[in-house]
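Take a look at the structure below.
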Amino acid sequence: MATIAVLGTFDTKGAEHAFLAEQIRSHGHQALLIDVGMMGAQGVTADLDYLQVAAAGEFDFQAMLGRRDRGECVAAMAKAAPLVLQQLLADGKIHGVISLGGGGGTAIATAAMRALPIGFPKLMVSTLASGNTGHYVGTKDIVMMPSIVDVAGLNRISKMIFCRAAGAICGMVESKVPQQGDRPIVVASMFGNTTDCVNAVIPILEEAGYEVLVFHSTGAGGRAMESLIESGMVTGVLDITTTEWADELVGGTLSAGPTRLDATAKKQVPSIVVPGCLDMVNFGAPETVPEQFQGRNFYHHNPQVTLMRTNAAENAELGRILADKINAYQAPTTVLLPLRAISVISAAGQAFHNPEADAALFDALTSNLRSDIEVQSLDCEINDPAFAAACAKALLRNQQQS
C-alpha cells in the first residue's frame, strides 16, 4: 500500500480533493491531504493545513492574508509547498502526488512537483492542461491531464475525470521500475536531421560500457538534458545537435534559452560539441512565420513545421556564441566540424545548401575558441558514418583524459 499526496487549494476545491482522495483509497492506497489554499479547508480535513505548509517556507502568512494580495499568497505557497513535498519524500512518507487546480492551484502544485526527482509519480489535473504547459512542467515528468470542465464542483464530467486521474496515479505508484544499471551515463542531443549520426554513435559507446540517453533538441529536450547534466549523473556529453541556439538567436519556436550548453561547464564533464542543425530556425505553419522574414529560404518540414535557413550573418554570430560557451569548459572537450553538411538538408543539392553561410559559422567558431580546445574538421556530412565514428572516438578519448 502506497501513500499518495493529494495537494491542492482546499479553501476553494476541498470537496473535489476529498472525492479524489476517496477514489485513491478505493484502490487500496492511502491519501495524505495537503492544503495549499489561503483561508482554510472547506469540505475536507487536511492532514497538513495551509498554515503548516506556509511555516515550512518561514512566511508570515497571516500578514499576507491581511494584505489580501492573492498573488503574494500564491507565490509564497509555490515556494513553501516544494519544501514540504521534498521533506515528505526524504522521510519516505509519500510515493506519489496528485492535484486538481485552476490557475493558482496549478502554479502552486506544479512548483511542488518540479522539486521532486524524475521518476517520482506526479499528476496534475488542470484547467490549463490543453495549452502551453512548458512553464508548469519545466524539465520534470509531470503528467498534465485536462480537467475538461472547471474544477468547481462534482458533476458527471468532473467525477469521471477525477476517477480516471485517481486510477492513473495509483497505476503509476504500483508500476515496478526495472533495476537501474550501473553503467556511466552519456547524454546526446539529436534532431531528425542528425538521427543517423547519433544512432551510429550509440552502439560504439554502449560497446565501451556507457549508457546513452538521447534528448530531442526541441527546446524542452535541451533544457532537460542541461538539467540532467547539472544533477551530476552524467559522465559525458555528446552535444551533436546544438540547433536550439539558432532558435534562441533568431526567434524561432524551439529555443532552450540562453543557458543552453552551460551545464557542461558547471559540472566539468568531458564532451564533444558539433554545430549540428544550426542551419535551421523552427517556426510553425507557414502563416505563423513573422513578416520580417519574408523572402528568406524556407523548407516545409511538415504542415506544422516550417524551417528557415540561417544566413551568413546569423551563422557568424552563432559561431561566436558557441565559442564563448565552449571556452568556459575545463574538462577535455573536442569540437567536430562536418564540412560538407551540418544537417541532412544542408548537403549539396539539398534545400539549405549554403557553403558561404556554413563557412561563416565555422570561421567564427574556430577563430573565437581557446587555442587549447581541439578542433577536428572532417570533409564529410554530419550523418556520414565516418563523422559518427570520429565523434565517438573523441568522446571516449576525452573520458580517458578526464
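Each residue in region 24-53 was checked for being surrounded by fewer than 21 Cβ atoms within 10 Å (Cβ to Cβ) and assigned to a helix (DSSP H, G or I), and 4 of them qualify. Within region 253-282, the set of residues being more than 16 Å from residue 345 (Cα to Cα), of a type outside the set (Ser, Thr, Tyr) and within 19 Å of the chain's Cα centre (by Cα) comprises 254, 256, 257, 258, 260, 261, 262, 263, 265, 266, 267. Once region 331-349 is narrowed to residues that are among the hydroxyl-bearing types (Ser, Thr, Tyr) and touching an Asp or Glu at 6+ places or on another chain (Cβ under 7 Å), the residue that is farthest from residue 190 (Cα to Cα) is 334. Selection of region 115-140 for residues being surrounded by fewer than 19 Cβ atoms within 10 Å (Cβ to Cβ) and charged (D, E, K, R) yields only 140. Checked against (1) at pLDDT 95 or above; (2) of a type in the set (Lys, Arg); (3) under 21 Å from residue 228 (Cβ atoms), residue 183 meets all criteria but (1). Among the residues of region 10-36, count how many are acidic (Asp, Glu), more than 17 Å from residue 124 (Cα to Cα) and in contact (Cβ under 8 Å) with a residue 40 or more places away in the chain. The number of residues fulfilling the criteria is 0. When the residues of region 212-252 are filtered to those that are over 15 Å from the mean Cα position of the chain (by Cα) and modelled with pLDDT under 95, the one that is surrounded by the most Cβ atoms within 10 Å (Cβ to Cβ) is 233.
The values are calculated or read from the model by the stated rules, or taken from the named source; none is laboratory data. The structure presented is a predicted model; accordingly, all values stated were derived computationally and were not measured. Heads up, the Cβs are rebuilt from the backbone with ideal geometry, glycines too, and the neighbour counts pull from every protein chain shown.
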